[in-house]
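The values are calculated or read from the model by the stated rules, or taken from the named source; none is laboratory data. Source: prediction; values computed, not measured. Neighbour counts are summed over all protein chains in view; Cβ atoms, including those assigned to glycine, are modelled from backbone coordinates with ideal geometry.
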Amino acid sequence: MRDATMFTDTDGFSRARNGKNIYSEPNISVTGPASEDDFNIRYSSVSAAPPFYETNRVSCEASPLTMSPWKQASPLNKPTGNHLDDGNVPPNSLIGSIVREEGHIYSLAATKDLLYTGSDSKNIRVWKNLKEFTGFKSNSGLVKAIVIAGEKIFTGHQDGKIRVWKVSPKNPSVHKRAGTLPTLKHILKSSIKPSGYEKVKRKRSLWIRHSDAVSCLSLNDEQGLLYSASWDRTFKVWRISDSKCLESVQAHEDAVNSVISITGEMVFSGSADGTVKVWKRELQRKGTKHTLTQTLLQQESAVTALIINAAGSAVYCGSSEGFVNFWELGKQLSHGGVLKGHKLAILCLAAAGSLVFSGSADKTICVWRKDGNIHTCLSVLTGHTGPVKCMAVEKDHESENAHRWIVYSGSLDKSVKVWSISEFSQAAPTVGGHEIR
């Protein structure tokens, strides 16, 4: 995440435009400039948020369920069954924790019974039943994003590259690197053409290559496309079948922190410049063309995360102020309201069923349930000792309850926590903006 109130001097330090203190991590104040390399994240200046309520917190602190595969801990007995029929199974609960002193967790992806985690150690770890299954290592750059497309795993990195991995058909624990985006062939082909260059942040760069960190990856399975967002202020469109970059969109005036592509023609991008933009995708013979159709939000605080709910009826935007705005897709993208449940910046969003999850620099996760245009905060999940940087959600296939989900949360405290969340758990009292109409 990079905040819109920050800028980078020529000496490589980030400073606040208003001269106030800056923040190395979203919740840690420092008194002077520091190199980005010290923390491997963009600095963020966070405004004060509304009062925060402790109601219905689910805490994993000192929980007997907390475990680490690097400590002598007994295996977890995962709760199963419908909580409405079994009083012993709480509706929202911690079911496990993975702790490894290897690096801050920046990215997560879940598929079937596997969990992929990316950190600033350059390693991608693969977990099965909360135990390490396998792992593989990139050559450079912390792992800022992971997405899975069939047998391919795409990872976005601090060095601006997107790496492609494949699972060995003979041994599922072996992941082999299948290439890098852009490919060397496409780089050479583009570099010999004058049209292969574009102006990025006052310098010329190959348009098919990101010139700064990749902040987000998003799949469009319908069209077989991969979208990548970057701090170089662009998002790029890649064809998965041949790894070709089809288009580079000069999207924003500052770092692009998130891009999402949905079924149909719409694409959304959010930036540190404080805007959320809507783009229309057109398929052409040689690629794609994205045209700006609408700007949903213009604010001073940075846009840090975007998500579409599972029903495809609303788009949610997290900000460095700690708020979550949402718009109704079925109502010509009319603004639906603001969810206020955090004290510090929103760093990640996730969605499943009727639920939306917001992870924050205040170390908590808010669980919101959407019913029409009403959002109710069901729980506030606590236990992380650092900012919650990423989340992934999977269906709980071991539960008889069709509306129970497994939520993975990765944090800058170097841990991943695993939660069992029910869609129909009892809601917290409606206080202080936890329910928005």
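Remarks
- Residue check, G337 assigned to a strand (DSSP E or B), crowded, with 22+ Cβ neighbours inside 10 Å and of a type outside the set (A, V, I, L, M, F, W, C): no
- Test for D232: is it within 20 Å of the chain's Cα centre (by Cα), in contact (Cβ under 8 Å) with a residue 24 or more places away in the chain, more than 26 Å from E394 (Cα to Cα) and not assigned by TED's automatic domain parsing to the domain that holds L333: yes
- Here is the figure for segment 365-403: residues that are outside any loop (DSSP other than H, G, I, E, B) and of a type in the set (D, E, K, R) total 6.
- Residue match in segment 338-358 (condition: modelled with pLDDT under 95 and either in the same structural domain as C245 (by TED's automatic domain parsing) or of a type in the set (A, V, I, L, M, F, W, C) (or both)): no
- Remark: pairs (first residue in segment 396-408, assigned by TED's automatic domain parsing to the domain that holds L349; second residue among the aromatic types (F, W, Y) and not in a strand (DSSP E or B); Cβ separation under 7 Å; 6+ apart in sequence or on different chains) = H403/F424.
- Selection count where residues are without any contact (Cβ under 8 Å) to a residue 60 or more places away in the chain, in a strand (DSSP E or B) and either aliphatic (A, V, I, L, M) or surrounded by fewer than 16 Cβ atoms within 10 Å (Cβ to Cβ) (or both), scope segment 152-190: 6
- One residue stands out among those in segment 144-175 that are among the polar types (S, T, N, Q) and modelled with pLDDT under 95: the one that is nearest to S211 (Cα to Cα), which is Q158.
- Single residue of K236, K277 found to be buried (at least 22 other Cβ atoms within 10 Å of the Cβ) and more than 24 Å from Y106 (Cα to Cα): K277
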